[in-house]
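The values are calculated or read from the model by the stated rules, or taken from the named source; none is laboratory data. All values derive from a computational prediction rather than experimental measurement. FYI the Cβ positions are ideal-geometry reconstructions off the backbone, even for glycines, and counts take in every protein chain you see. The protein model used for the area step is the full one, side chains on, heavy atoms only, and it has no ligands, DNA or RNA in it. Shrake-Rupley method; radii C 1.70, N 1.55, O 1.52, S 1.80 Å.
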Amino acid sequence: MREALRKAQESCAAGCVPVGALIVFEGKILIKAHNNEGASHIPPTLQHAEFLVALEACCLLKTDRLGKCDLYVTLEPCPFCAAILRHLCIRKVFFGAYDPKGGGLVHHGTPQERPPFTGGLLETESAELLRRFFQAKR
Ligand SMILES: [Zn+2]
């Protein structure tokens, strides 16, 4: 989770919304990314950190099932990412800050429609990073 937070901080430095994510496979970090790390001209939702690492993990592992992978992300995934992660059968999602407005896990769908998750890891640090970023934007 610390590594995901570090990735989010890099995101800040790059001027992107500070959300970092990574995938752990067999006890090791397989891939890391922050928001908007992909090419430009791609809709922002498709550049969410958790979406990017999930896609990349599928490519690296040459599979469309991530049942042996855990995903760490500093912000609660949106409904779109939550659905994708569910489809990819990710083992578990660990996230930092809760997103009461845009989150797709805690207040969204039924347990069958979302991946297993635990929220609130390094919640304060993750949320603070986002708060400062958007404050600076105003
Ligand atoms: Zn998303």
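Of note:
- Enumeration of residues in region 5-37 that are out of contact with any helix residue (DSSP H, G or I) (no Cβ under 8 Å at 6 or more places or on another chain) and either farther than 19 Å from Asp99 by Cβ or not in a loop (DSSP other than H, G, I, E, B) (or both): Arg6, Glu10, Ala13, Ala14, Gly15, Val24, Glu26, Gly27, Lys28
- Annotation for region 61-72: at least one member residue is touching a residue at least 60 places away in the same chain (Cβ under 8 Å) and part of a strand (DSSP E or B).
- Among the residues making up region 39-69, a single one is surrounded by 19 or more Cβ atoms within 10 Å (Cβ to Cβ) and of a type in the set (D, E, K, R): Glu50.
- If you go through region 61-89 and pick out every residue that is closer than 24 Å to Gln9 by Cβ, away from the ligand (no atom under 11 Å from the Cβ) and not charged (D, E, K, R), you end up with 4.
- Among the residues of region 90-103, those that are within 13 Å of the ligand (Cβ to nearest atom), in contact with an Asp or Glu (Cβ under 7 Å, 6 or more places away or on another chain) and not in a strand (DSSP E or B) comprise Asp99, Gly103.
- Region 87-130: number of residues that are at pLDDT below 95, open to solvent by 60 Å² or more (accessible area, probe 1.4 Å) and among the basic types (Lys, Arg): 1
- Residue pairs whose Cβ atoms lie under 8 Å apart, separated by 6 or more positions or on different chains, with the first residue in region 27-47 and over 22 Å from Met1 (Cα atoms) and the second in a loop (DSSP other than H, G, I, E, B) and open to solvent by 50 Å² or more (accessible area, probe 1.4 Å), are Pro44/Asn36.
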